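Asks: Can you keep this structure in mind? I'll have questions shortly.
The values are calculated or read from the model by the stated rules, or taken from the named source; none is laboratory data. Owing to the predicted nature of the structure, the values given are computational and were not obtained by experimental measurement. Neighbour counts are summed over all protein chains in view; Cβ atoms, including those assigned to glycine, are modelled from backbone coordinates with ideal geometry.
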Ligand SMILES: [Zn+2]
């Protein structure tokens, strides 16, 4: 994969999601599976590419595919993870990033779903 050409053509979509009920799990935009169980333990479906904590600035989840892309691209996330960085990893239309804020909680997490995952 040529990452320099991917930079010019790929565009990753991002939506901001605000959840009023802070205990409700975010559901996958592709298959509808809740991504957390009732104890708020992450239960990733096959579409989840990564979860990034924007405040702690660290990944809390990376799929195997995502780990490989990160390793090959030599991209390092210095600050917040954004769609530009996701495009640098070779993602495009198939990826939907959800920037999640929960009520009563200052933290923001970015969930990225890969619609092409199988
Ligand atoms: Zn899913």
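Asks: Sort out which residues of segment 76-89 are crowded, with 20+ Cβ neighbours inside 10 Å and not in a helix (DSSP H, G or I), and write them in order of number.
Replies: Of everything in segment 76-89, those that are crowded, with 20+ Cβ neighbours inside 10 Å and not in a helix (DSSP H, G or I) turn out to be 81, 89.
Asks: May I pose another question? From the list 55, 38, which residue is closer than 19 Å to residue 102 by Cβ, in contact with a strand residue (DSSP E or B) (Cβ under 9 Å, 6 or more places away or on another chain), away from the ligand (no atom under 16 Å from the Cβ) and part of a loop (DSSP other than H, G, I, E, B)?
Replies: Numbers: 38 fails: in contact with a strand residue (DSSP E or B) (Cβ under 9 Å, 6 or more places away or on another chain).
It is 55.
Asks: Out of the residues in segment 93-118 that are in contact with a helix residue (DSSP H, G or I) (Cβ under 8 Å, 6 or more places away or on another chain) and at pLDDT 95 or above, which is nearest to the ligand (Cβ to nearest atom)?
Replies: 114
Asks: So, residue 44, is that one within 11 Å of the ligand (Cβ to nearest atom) and without any contact (Cβ under 8 Å) to a residue 12 or more places away in the chain or not?
Replies: no
Asks: Look through segment 16-28, keep the residues that are farther than 12 Å from residue 101 by Cβ and modelled with pLDDT of 90 or more, and return whichever of them is nearest to the chain's Cα centre (by Cα).
Replies: Selected residue: 28.
Asks: Here are some residues: 46, 62. Which one is touching a helix residue (DSSP H, G or I) at 6+ places or on another chain (Cβ under 8 Å) and farther than 16 Å from residue 100 by Cβ?
Replies: Details: 46 fails: touching a helix residue (DSSP H, G or I) at 6+ places or on another chain (Cβ under 8 Å).
On inspection, the qualifying residue turns out to be 62.
Asks: Out of 63, 73, report the one residue that is within 16 Å of the ligand (Cβ to nearest atom) and surrounded by 15 or more Cβ atoms within 10 Å (Cβ to Cβ).
Replies: Checking each option against the conditions leaves just 63.
Asks: Oh, and also: For the structure I just gave you, tell me whether residue 30 is more than 16 Å from the ligand (Cβ to nearest atom) and touching a strand residue (DSSP E or B) at 6+ places or on another chain (Cβ under 9 Å).
Replies: Against the criterion (more than 16 Å from the ligand (Cβ to nearest atom) and touching a strand residue (DSSP E or B) at 6+ places or on another chain (Cβ under 9 Å)), residue 30 does not qualify.
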